[in-house]
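The values are calculated or read from the model by the stated rules, or taken from the named source; none is laboratory data. All values reported here derive from a predicted model rather than from experimental measurement. Every residue, glycine as well, gets a Cβ built from its backbone with ideal geometry; the counts of neighbours run over all protein chains shown. Just the protein is used for accessible areas: all its heavy atoms, side chains included, with ligands, DNA and RNA removed. Shrake-Rupley method; radii C 1.70, N 1.55, O 1.52, S 1.80 Å.
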Amino acid sequence: MSSMRTTAVDGTSVHSNGVEGNRNGAGMHETNEEFRHPMSLEEFRKRAHETVDYICDYYARVDDLPVRAPVEPGYLHEQLPKEAPQQGEAWETIMDDVNKCIVPGLTHWQSSNFFAYFPCNSSFPAMLGEMLCAGFATQNFSWIGSPAATELETIVMDWLGKLLGLPQQFLSRTAEGSFAAGGGVIQGTASEATLVCMLAARARAMQGRPASDMAKLVAYTSDQAHSSVKKATMIAGVTHLRVLKTEEAHEWALQAATLQQAVRQDLQGGLIPFYLCATVGTTSTATVDDLRGLATVSKQHHIWVHVDAAYAGATAVLPSMRHWFDGVELTDSFSFNPHKWLLTNFDCAALWVADSGPLKAALSLTPAYLQAKGNALDYKDWQVPLGRRFRALKVWFVLRTYGQQGLQSYIEHHLRLTKLFQGFVEADERFEIPPSAPPRFGLVCFALKGMGKAANAALLEAINATGKTFIIHTEVGGNYMLRFALGSTYVQQQHVEAAWRVITSKVDKVMNQQENLP
């Protein structure tokens, strides 16, 4: 039995078993000097309060900061020392460098004037959940690692699945309350969700086949899908990826007939179709693939259908938006990012599978040192890495703080603002909304009417150079378009109106410059 030891003021070491001895006494172990951390519990308490105040002050002024970082690549290398300090530095010195070196190099994603890419939501309840996650500092790869973390994740994913109106097979329990084959898990990103589902699909397709058939597997996606599908094939060792062509006539949505033709050709070539990634809300134009048609074709050929709804999935909290997800009940997996548009700060990607068996077959590995009670519930077998954070805590905080009605109102608010911006564009004869990229969800694509890439690119840079707002562009079918993506946590009507004023203030100058070019 081990004994406890403390050091008395007279220099002796006192053990819990009552034995004491002089540090330098013969036959006695020398007492090691205690390691002193530079930040004590009380110092942490003080600095934590200061940091919360700093965050609050940041949010109070973030809308006044240049949205896009006004720095050039390599700027920080010239501002920081070439190596870590030999001795610890004062907290005030560190925070001074945060203000002088770090904040100026931030693109302020939480600004209400941020309309680029897709939103990257955060909220105060989610931040507090992250704070507790960091404070508890648990390692949650197995049930026994922290039972509360595993079980809360299962419950939260069922709550979230019901909130989105997902079909019963994606929940962890049947309608009668018994454990089901499917369920949900929190991944870091939608890219990870795409990868692990591809690995699950590979495991299912290879069951009973010789290893040599691995080289015959074929995955499918559209030319509008996220680049993570291609990266997943690189990681999974899938050598055949069909990036299927979409057409302007179908608003760049992947059609069932296109998939059917590609599958037929591959079968005739002796290949094995095994995986399809369909998208609800593509990155460029937020288009929606024909889920029902694609899933119907895929089922005929035992192809795993994964739905990537990273951005648009949050809108399913509204029953009025669920027509965009028609056919999801025929698919094998579905994912979306609460960290994009549902008030849960990065990283948090929700993934559901109708059958977790193939996922576990692909990823389960339990060496002797991890064998313990509750292994059947381990989320380590649903992901690539072993370790995992307590992400469910922040989702739980958001769901409980906002409630279902609060989250629905939040999405409705953004959809109304999207309509507002759409109206601004349509009312200005200098602009147009491309017919093949109609506004969907919180995204409006638009361009200068009758002007080419150079003019629109010049307008984009003029807008962003002001620092007052931030948008990006895309190119589809040879058309260069500006993207205005709603969804920032604290955006209000005045921010949309201010952004439109910035946009329109630059139009005439840019058009005049383009007209005067030789």
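Remarks
- Matching helices (runs of 4 or more DSSP H) fully within the stretch 409-518 where at least 1 residues are under 24 Å from Glu251 (Cβ atoms) and within 27 Å of the chain's Cα centre (by Cα): 453-465
- Within the stretch 216-230, residues that are touching a residue at least 12 places away in the same chain (Cβ under 8 Å) reach partners that are surrounded by fewer than 24 Cβ atoms within 10 Å (Cβ to Cβ) and of a type in the set (Asp, Glu) with beta carbons closer than 6 Å, at six or more positions or on different chains, in the pairs Val218/Asp266.
- Given (1) over 22 Å from the mean Cα position of the chain (by Cα); (2) more than 28 Å from Leu448 (Cα to Cα); (3) modelled with pLDDT of 95 or more, index of the condition Leu393 fails: (1)
- Condition check for Arg36: surrounded by 14 or more Cβ atoms within 10 Å (Cβ to Cβ), at pLDDT below 95 and basic (Lys, Arg): no
- Between Phe124, Phe141, the distinction of being in contact with an Asp or Glu (Cβ under 9 Å, 6 or more places away or on another chain) and surrounded by 15 or more Cβ atoms within 10 Å (Cβ to Cβ) belongs to Phe141 only.
- Residues that are within 29 Å of Phe346 (Cβ to Cβ) and open to solvent by 80 Å² or more (accessible area, probe 1.4 Å) within the stretch 364-381 comprise just one, Leu365.
- Unmet criterion (only one of (1) more than 16 Å from Val425 (Cα to Cα); (2) open to solvent by 10 Å² or more (accessible area, probe 1.4 Å); (3) touching a residue at least 24 places away in the same chain (Cβ under 8 Å)) for Val476: (2)
- All told, Val384 falls short of being surrounded by 24 or more Cβ atoms within 10 Å (Cβ to Cβ), outside any helix (DSSP H, G or I), touching a residue at least 12 places away in the same chain (Cβ under 8 Å) and more than 15 Å from the chain's Cα centre (by Cα).
- From the options Val317, Val288, Val305, residue that is of a type in the set (Val, Ile, Thr), within 22 Å of Leu199 (Cα to Cα) and either in contact (Cβ under 8 Å) with a residue 40 or more places away in the chain or touching a strand residue (DSSP E or B) at 6+ places or on another chain (Cβ under 9 Å) (or both): Val305
- Test for Ser123: is it farther than 29 Å from Cys56 by Cα and hydroxyl-bearing (Ser, Thr, Tyr): no
- Entry remark, the stretch 39-76: residues being touching a helix residue (DSSP H, G or I) at 6+ places or on another chain (Cβ under 9 Å), open to solvent by 60 Å² or more (accessible area, probe 1.4 Å), part of a loop (DSSP other than H, G, I, E, B) and within 27 Å of Gln87 (Cβ to Cβ) number 1 in total.
- For the stretch 114-126, the condition holds for at least one residue, the condition being that it is assigned to a helix (DSSP H, G or I), at pLDDT 95 or above and closer than 18 Å to Gly188 by Cβ.
- Which listed residue, of Phe484, Phe397, Phe390, Phe424, is open to solvent by 10 Å² or more (accessible area, probe 1.4 Å), within 20 Å of Ala499 (Cβ to Cβ) and touching a residue at least 40 places away in the same chain (Cβ under 8 Å): Phe424
- Of all residues in the stretch 168-193, those being within 19 Å of Leu359 (Cα to Cα), in a loop (DSSP other than H, G, I, E, B) and of a type outside the set (Ser, Thr, Tyr) number 5.
- Only a single item in (1) part of a strand (DSSP E or B); (2) over 23 Å from Asn479 (Cα atoms); (3) open to solvent by 40 Å² or more (accessible area, probe 1.4 Å); (4) not acidic (Asp, Glu) is not met by Val243, and it is number (2).
- Candidates Ala257, Ala295: the one that is small (Gly, Ala, Ser) and under 28 Å from the mean Cα position of the chain (by Cα) is Ala295.
- Among the conditions (1) touching a Cys at 6+ places or on another chain (Cβ under 8 Å); (2) more than 29 Å from Ser122 (Cα to Cα), the only one that Leu370 does not satisfy is (1).
- Considered as a group, the residues in the stretch 150-203 that are among the aromatic types (Phe, Trp, Tyr) and surrounded by fewer than 23 Cβ atoms within 10 Å (Cβ to Cβ) include one that is nearest to Cys348 (Cα to Cα), and that residue is Trp159.
- Unique residue being under 22 Å from Glu475 (Cα atoms), modelled with pLDDT of 95 or more and of a type in the set (D, E, K, R) when the list is Asp332, Asp266, Asp308, Asp326: Asp308
- Tally of residues being open to solvent by less than 100 Å² (accessible area, probe 1.4 Å) and without any contact (Cβ under 8 Å) to a residue 40 or more places away in the chain across the stretch 77-100: 11
- Checklist (1) part of a loop (DSSP other than H, G, I, E, B); (2) open to solvent by less than 30 Å² (accessible area, probe 1.4 Å); (3) under 26 Å from Asn121 (Cβ atoms) applied to Val238, failing item: (3)
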